[in-house]
1. Toward the positive end of the charge dipole of the stretch B:3-393, about the Cα centre and with charges on Cβ (Lys, Arg +1; Asp, Glu -1), which of B:Leu268, B:Tyr45, B:Leu218 goes farthest?
2. What lysines sit close enough to A:Lys6 to cross-link, taking a C-alpha to C-alpha distance under 30 Å and skipping anything fewer than 8 places away on the same chain?
3. Under the rule a/c < 1.5 gives rounded, and otherwise a/b versus b/c splits prolate from oblate, where does the stretch B:10-70 land using the Cα gyration tensor?
4. In whole Å, how far is the Cα centre of the stretch A:157-193 from that of the stretch A:255-303?
5. Hey, rough spin-label estimate for A:Leu331 and A:Met274, points 7 angstrom out along Cα→Cβ, what's it come to in nanometres?
6. Work out the length of the dipole vector of chain A about its Cα centre, built from +1 on the beta-carbon of each Lys and Arg and -1 on the beta-carbon of each Asp and Glu, and round it to the nearest 20 debye.
7. Mind putting a number on the dipole of chain B about its Cα centre? Charges go on the C-beta only, +1 for Lys and Arg and -1 for Asp and Glu, and I need it in Debye to the nearest 20.
8. Could you tell me what percent of the DSSP beta bridges with both partners in chain B are antiparallel, to the nearest 5?
Amino acid sequence: MPDDLKDGRIVIVGASLAGLRAAETLREEGFTGSLTLVGDEPHAPYDRPPLSKQVLLGQATADTTELPMRRDPEAEWRLGVRATGVDRLAKRVLLEDGESLPYDRLLIATGTRARPWGNPDEAAMDGVFTLRTREDGAGLAERLAAGPERVLVIGAGFTGSEIASACREMGLQVTVAERGPAPLVGALGATLSKLAAVMQRNHGVDLRTGVTVTALTGNGAFTGAQLSDGSRVPADVCVVALGAVRNVEWLADSGLAVGPRGIACDAGCRAFDMYGIVTDDIYVAGDVSRFPHPLFGYQMLSLEHWGNAVEQAEVAAHNMVSPGALRRPHLAVPTFWSTQFGLNIKSVGVPTYSDYIVIAQGSLEARRLAMVYGYKGRVTAAVTVDMSRSLDYYKHLIETAAPFPPPPGAADRAIAADITIPSAVPDPSVLSHGPTVALTGHLPDRRLTVV
Amino acid sequence: MDSETLLARISDYASRPNPYPLYAELREAGPVVWQAGGNCLIGGYHHIAALLHDPRMSADPRTRGEETQKPPFLRLDDPEHHRLRTLAMRPFGPPHTPGRVDSMRGEIDRITKELLEPFETGGQIDIVDDFAYPLPVTVICRLLGVPREDEPLFRGWSDALVAAADLKPDQDSTDTRKAGDQARIEMGGYLVNLAEQRRGQPSGDLLSALVNEPDPALRLTREELAETAVLLLIAGHETTVNLITNGVLTLLRQPEQQDLLRREPELLPRAVEELLRYEPPVHMRERIPHSDIDVAGTRIPAGTSVILVLGAGNRDPRRFQDPDRFDPTRTDTQHLGFGSGIHFCYGAPLARLEAYTALGALLPRLAEARLVQDPPPYRQNAMLRGPRHLPVQL
């Protein structure tokens, strides 16, 4: 490594949100060396959240969600090329076209991909979609615009629920099949999942919970699905929304600490190797990372959050060009949002890291509320429904490990604001879709299994 | 000097041209600074921001025992605040009317040009009376559906209401409060009458939209309509006048920044955000805790009048680098100029558009201009702080 951290060669593998923000930050921080971004998609970095919302509704087309650049990262872009490995001794990234890129420091930001349907033949039928890429979004939007008779969504996590919401907004018949007891239960726990179920049904979704899809049927083109309760859902479009798979296979022989929940790194985004020794030239950011968080018992968090990708990328980039004493930890409190069925849902903290909840403001009846999650007597998360301006208050409570339940006094305090109820977050393996937040260390709740 | 008198000294008219040394004294004096009257001041950015988001903080003066009629949504708490603000927002902004402010762009441009037309190089104008006041007033009149020629009528009411809302710790405020209440009743009656004329005859403005709402669940009562319309008319022009005038004053005091903006007009939106930080139109807001709260280790009992000094938070060196410097290229401008939390300025998108348009159109004519009087004479109000006149030689 050259003495001057602002110079040298940096390679970023992954040209989506985290990769782009890291590249911009490197230049912002005065990095003058050579910068190469490798991405397996042939597109410049683009934004994915609109793909399950505005794009499906036809308010924007899939090719218009390109991410605005804060500044020109002055990088060499290697787009449409897959990285196939890392030679840590030679310090080179191997590419599928046989070339290899030398690096002094490497950032891994390869993110996730949609978990495919288990049966490849069924998945290949016309009318069966997943939703992760621009092409997925364009294809699904086109099919929905053509006015199918019925859409089947498999999995009622955030993506599946947003797709179902878009379908209803377009006046399409939609069936949602979820193995768990209710939509969003894995992320938000039992109480809010009941509200989510009511919202889906009120908006005309044919919601089937506690069932699995056993087979997709059709002769080349999808015509319906068999469910585990013996029923059959005839439909002409199927969206498989079973969560995400981390793009780590290319690192199988790298000797890094790689697993299904991502690549483990320290609080400064430096990757661990398989022996638990921290590297100093390989960094990780975004959905593909697992990192320890002091607010959540130093467990390794895996997040699929837009905001985390940005913040972690900025910290990783800063640390890549800063000497040890000036490095920063990635301590941001996780946040995410979702819009569905006319509701704006926002979360701060880790709702699954909880044993009890209270409704601190508003009410389920009003469809407007702030729910606070606690673990062993301190506040660990909050979720607002159409009440996002309160979120910063709860974030402050989480950051200061404030006692749970939170102090009274809100003008719109719920009648039952001091009655705690079990958060009832289920074992993620029960759900159709994977968790969007995974705690992968020592888990606080025996209902969760160590993964 | 004694920090117990800070609010009195800030409110003192002599402090109006430059309250910032007092704000620095306030931040130095501690996170919570008790005043002789039993209320307290808070001037640190992070504490203000936290309290603006704190659901235990009430905006309603009745929380500290003031006996008054039900205030408009600016001074109500959720859930009632949310209901009324949402109804008022339906004809004004997203999600129901996302294009409203943008559709006014052409008209704001035209009004600005008309106002600037008589200005001659070498002549003397009053930026306030000739430009910064008539622009937002004309715009808000169009938006609401109020005849522009009635301005002398509602200006009197508006003055009385704004005076009643000011913080004057030393004076007996009974008379100004009474005058304010009377003005509120008369102005409300006037606006409801205008709205009634539009019932069944939609005219595209906000009063018309509010009175012609087809869904009975989304209609305002007569009292709510009066309160809301009064609030929008006053808030729609009292604050924007200060924003534009403070902008011109700041630019005339700093010719090098003026030159920069003339060379790079694309910096203007950022410059307006910086202006909202550096010279905000609203300097203080009152909040009252519903229950005892703790701010940085200081207990503030329920019912206490807590004055959040936004103007001090905006210059807090713990939040902004080099806070007393006006820097239109500053990217970190998360100011408190529009407040924050559930009461975040309802009209912010319109205020921004008016400020870009006004300053953008005026900039080419300011190159040779100079201030006739510096500091200029200020308005009495310490909360809505801004010059009363700004004479400028073009």
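1. The residue sitting farthest along the positive end of the dipole is B:Leu218.
2. A:Lys91
3. Verdict is oblate for the stretch B:10-70.
4. Going from one Cα centre to the other spans 31 Å.
5. 3.4 nm
6. 1300 debye
7. For this selection, approximately 500 debye.
8. Of all bridge pairs located within chain B, approximately 85 percent are antiparallel.
Every number here is computed from the coordinates shown, using simple stated rules; none is lab data. Computed from a predicted model, the values in this text were never measured in an experiment. So basically every Cβ, Gly included, is an ideal-geometry build from the backbone, and we count neighbours across all protein chains shown.
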